[in-house]
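The values are calculated or read from the model by the stated rules, or taken from the named source; none is laboratory data. Here the structure is a predicted model, which means the values were calculated and not measured. Positions of Cβ are backbone-derived with ideal geometry, glycine not excepted, and every protein chain shown enters the neighbour counts. Please note that ligands, DNA and RNA were not included when accessible areas were found on the heavy atoms of the full protein model with its side chains. Shrake-Rupley method; radii C 1.70, N 1.55, O 1.52, S 1.80 Å.
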Amino acid sequence: MKEGSRVRGYKGSKITVRTPAKINLTLQIFHKRPDGYHELETVMQSVDLLDRVGIRERKTGGRGQGRKENTISVKCFPKRFNVPENENNLCYKATELFLREAKLNGKHIEITLYKKIPPGSGLGGGSGNAAGCLKALKRLFPGNVSNKRLALLAGEIGSDVPFFLHGGLAVCKGRGERVIPQRAFVDFFAVLAVPGFSLSTKKVYENLPSLKTQKNTVKSSGRYSARLLQALRNGNFNALNDVLKNDLGKSRLDAMMVIQSIKDALVNAGAEGSAMSGSGSCVYGIFSSRDGAKRALKVLQYSLKSCTLFFTRSIPDGVRITS
Ligand code: C5P
């Protein structure tokens, strides 16, 4: 059966969305807010490590058939990733929110995730999947939810979800949900090193040393994002290691020592800059040339045996419907 073709028992065709990973080129934390979140500024870039999300509406035979409530099923492959297939999956949350916003009842939505992005690695896999669901649902039920509302729903699901509706290079503010896309496309290669453990975002934040800085006391010249964007605009990859900064690396978790050793290995292998992505555990190395990245990959296969390595390239967009 060809993907996208009409199947008995299904309304319309299956929509497939490609959802990329992101890396945080900078992440600066200002202060803890009364709502418990941290006020931050981060520069994110999407890369071509891609998950695939399939969505379709079931016509008959679904659980809850004939009743008014919506039913949502999530299946995730490969099973070894242990991604929840229940209401804890961000795709479930995204679908539930979308159907409520669109005032749709009695719908049976089936979601299938084909994952390559390791969960709990700071690469935003789950957030991208959720953004992909929103985009697919908007295609499936056009006219019900505006783009503006879709972006607000994305922010309700998680701080990183709105970024994936844009992708490319973007500065994100607030708790991460306010996205300012950057027009220039910066083409580079990134080797991602994912150690054999994942990190809980909540725990990484909880173990930060006390924060005194208020956002309005940080001048533009003190912003990590300003310095990073300047280096990228000038094509100054030599300066990259000094401007890739992530405050979450200051978290007092033992794992941060392992993260530091992976960063060192990436720089020793020739990366022009290296940093942890988001709340980890992934550490990436940036390369201006494909050859440099490929050479490093060969070395790292021996020096970082405990990590899964991915060869990636920056891409100019976020979630995209492919069929
Ligand atoms: O928004 P998201 O659900 O991805 O955040 C996961 C957790 O990370 C939050 O519950 C919070 O503990 C922490 N977080 C934070 N400040 C942010 C983003 C996330 O404290 N700006």
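Examine segment 204-221 for a residue that is part of a helix (DSSP H, G or I), open to solvent by less than 40 Å² (accessible area, probe 1.4 Å), within 14 Å of residue 275 (Cα to Cα) and not acidic (Asp, Glu), and state whether such a residue exists.
No - not one qualifying residue is present in segment 204-221.
Go through segment 80-109 residue by residue and tally those that are crowded, with 18+ Cβ neighbours inside 10 Å, acidic (Asp, Glu) and not in a helix (DSSP H, G or I).
Adding up the residues that qualify gives 0.
In a strand (DSSP E or B) and out of contact with any Leu (no Cβ under 8 Å at 6 or more places or on another chain): which single residue out of 226, 239, 190 fits that description? Break it down stepwise before answering.
Working: 226 fails: in a strand (DSSP E or B); 239 fails: in a strand (DSSP E or B).
Of the residues listed, the single one that is in a strand (DSSP E or B) and out of contact with any Leu (no Cβ under 8 Å at 6 or more places or on another chain) is 190.
Take segment 244-255 and flag every residue that is in contact with a strand residue (DSSP E or B) (Cβ under 9 Å, 6 or more places away or on another chain) and open to solvent by 20 Å² or more (accessible area, probe 1.4 Å). Reasoning before the result, please.
Kept after step one, since they are in contact with a strand residue (DSSP E or B) (Cβ under 9 Å, 6 or more places away or on another chain), are these residues of segment 244-255: 244-250.
Answer for segment 244-255, where residues must be in contact with a strand residue (DSSP E or B) (Cβ under 9 Å, 6 or more places away or on another chain) and open to solvent by 20 Å² or more (accessible area, probe 1.4 Å): 245, 246, 249, 250.
If we keep just the residues of segment 157-187 that are assigned to a helix (DSSP H, G or I) and among the β-branched types (Val, Ile, Thr), which is surrounded by the fewest Cβ atoms within 10 Å (Cβ to Cβ)?
Within segment 157-187, the subset assigned to a helix (DSSP H, G or I) is 157, 161-166.
From the residues that got through so far, the ones that are among the β-branched types (Val, Ile, Thr) too are 157, 161.
Values: 157: 23, 161: 30.
Applying the filter and picking the extreme gives 157.
Exactly one condition in (1) surrounded by fewer than 22 Cβ atoms within 10 Å (Cβ to Cβ); (2) touching an Asp or Glu at 6+ places or on another chain (Cβ under 9 Å) is false for residue 278; which is it?
If we test residue 278 against (1) surrounded by fewer than 22 Cβ atoms within 10 Å (Cβ to Cβ); (2) touching an Asp or Glu at 6+ places or on another chain (Cβ under 9 Å), just (1) comes out false.
Has segment 35-43 got any residue that is away from the ligand (no atom under 12 Å from the Cβ) and not β-branched (Val, Ile, Thr)? Steps first, please.
Going through segment 35-43, the residues away from the ligand (no atom under 12 Å from the Cβ) turn out to be 43.
Subsequent filtering for residues that are not β-branched (Val, Ile, Thr) retains none.
Checked against the condition, which is being away from the ligand (no atom under 12 Å from the Cβ) and not β-branched (Val, Ile, Thr), segment 35-43 yields no hits at all.
Considering only segment 139-156, how many residues are touching a Ser or Thr at 6+ places or on another chain (Cβ under 9 Å) and open to solvent by 10 Å² or more (accessible area, probe 1.4 Å)?
Of the residues in segment 139-156, 0 are touching a Ser or Thr at 6+ places or on another chain (Cβ under 9 Å) and open to solvent by 10 Å² or more (accessible area, probe 1.4 Å).
Filter segment 154-205 down to the residues that are without any contact (Cβ under 8 Å) to a residue 12 or more places away in the chain and either closer than 22 Å to residue 281 by Cα or within 16 Å of the ligand (Cβ to nearest atom) (or both) and list them by number.
The initial filter retains those residues of segment 154-205 that are without any contact (Cβ under 8 Å) to a residue 12 or more places away in the chain, namely 180, 183, 202.
Matches in segment 154-205: 180, 202.
Are any of the residues in segment 19-28 within 16 Å of the ligand (Cβ to nearest atom), part of a loop (DSSP other than H, G, I, E, B) and either more than 18 Å from residue 127 (Cα to Cα) or at pLDDT 95 or above (or both)?
There is no residue in segment 19-28 that is within 16 Å of the ligand (Cβ to nearest atom), part of a loop (DSSP other than H, G, I, E, B) and either more than 18 Å from residue 127 (Cα to Cα) or at pLDDT 95 or above (or both).
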